[in-house]
Amino acid sequence: MERANVSTISPSKLYAMQSQGGKIDLLDVRTGMEYSSGHIPGAKLLTLDVISDESLIEHLGDPKERDTASIYVTCQSGFRAQQAVEQLHESGYQNLVLVEGGTEGWEKAGLPVKRCGKVISLERQVQIAIGSLLLLKVFFGFTLHEVFFLAGALIGAGLIMAGVTRWCGMARLIATMPWNRNNNCAEKAFV
């Protein structure tokens, strides 16, 4: 499988392009709640877990019939956008551009963000879940049975695996929760 050759664009350059009024295909691949909490104006939500050939054709058109216009991809900081670009490339889309630093980079550049609600980021939700699980394991280890202390080792192994592979099963699970699927933004989103 050939790796996608992807270019990048700075938030300020993308903002300047948007200000000129041209049509820009900008995809945000975060969860619905992350998108609602703040996204680049004009970005359309296409969550990473629902990207498929069918959903891409529905929202972007057939890659064989598509003009040469670039598709810009963003997420929170860049990792999920890179994964999405790989999927887009495998589906036949060309001229893929990553927004440098994602939505975080956009905000750090002082550019406007559209907000439709408040939410805790997926990363923080994972940290809260893992911390809660560890506390429960220790509590149950002292009060019920020592075998619960072994579960802490499993959580540690999962964290090491997530760090090495950059794939986090807990994040994928939490992203599917109902509170992370709410996209009550006024802007039309793909989901």
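Just so it is clear, none of the values below were taken in a lab; they were calculated from the coordinates. These numbers were taken from a predicted model, which means no experiment stands behind them. Here the Cβ positions follow ideal geometry from the backbone for every residue, glycine too, while neighbour counts run over all protein chains shown.
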For the range 81-108, list residues with backbone N below 17 Å from a point placed 7 Å from the Cα of Glu54 toward its Cβ?
91
Give the cross-link partners of Lys114 among the lysines, using a straight C-alpha distance below 26 Å as the criterion and excluding same-chain residues fewer than 8 apart.
Lys13, Lys23, Lys44, Lys188
How big is the dipole moment of the chain about its Cα centre under a simple scheme where the beta carbon of each Lys and Arg is +1, that of each Asp and Glu is -1, and everything else is neutral? Debye, nearest 20, please.
580 debye
In the range 1-81, which trypsin sites (Lys or Arg not before Pro) are in a loop and have at most 14 other Cβ atoms within 10 Å, using DSSP for the loop call?
Arg3, Lys23, Lys64
For Lys64, which aspartates and glutamates qualify as cross-link partners when the Cα separation must be under 20 Å and same-chain residues fewer than eight apart are set aside?
Glu2, Asp25, Asp53, Glu54, Glu86, Glu90
Say we join alpha carbon atoms closer than 10 Å with springs in a Gaussian network model of the chain; which of Ile120, Ile71, Ile40 then has the biggest fluctuation?
Ile120
Kirkwood hydrodynamic radius (Cα pairs, Å) of the chain?
18.1 Å
Under 5 Å, built H, 5+ apart or other chain: amide partners of Leu27
Lys44, Tyr72, Val73, Thr74
Find the all-direction average of the projected area of the Cα convex hull for the range 16-93, expressing the result in square nanometres with one decimal place.
5.3 nm²
Based on the Cβ-Cβ distance from Gln82 to Leu134, what FRET efficiency comes out when R0 is 45 Å, to the nearest 0.05?
0.95
Take Leu159 and Ser7, extend 7 Å from each Cα along the Cα→Cβ direction, and tell me the distance between the two endpoints in nm.
4.1 nm
Counted neighbours (other Cβ, 10 Å), sorted fewest up, put Thr68, Thr8, Thr31 in the order Thr68, Thr8, Thr31
What are the DSSP H helices in the chain that stretch 15 Å or more along their long axis, judged by alpha-carbon atoms, and whose average Kyte-Doolittle hydropathy comes to at least 1.0?
122-143, 148-165
The chain, relative contact order in percent, only Cα pairs under 8 angstrom and at least six apart counted:
29 percent
Treat each spin label as a single point 7 Å out from the Cα along the C-beta direction, and report the Ala69 to Met17 distance in nm.
1.1 nm
How much of the DSSP beta bridge set in the chain is antiparallel, as a percent to the nearest 5?
10 percent
Nonlocal amide H pairs with Thr8, under 5 Å, H built at 1.01 Å
Leu98
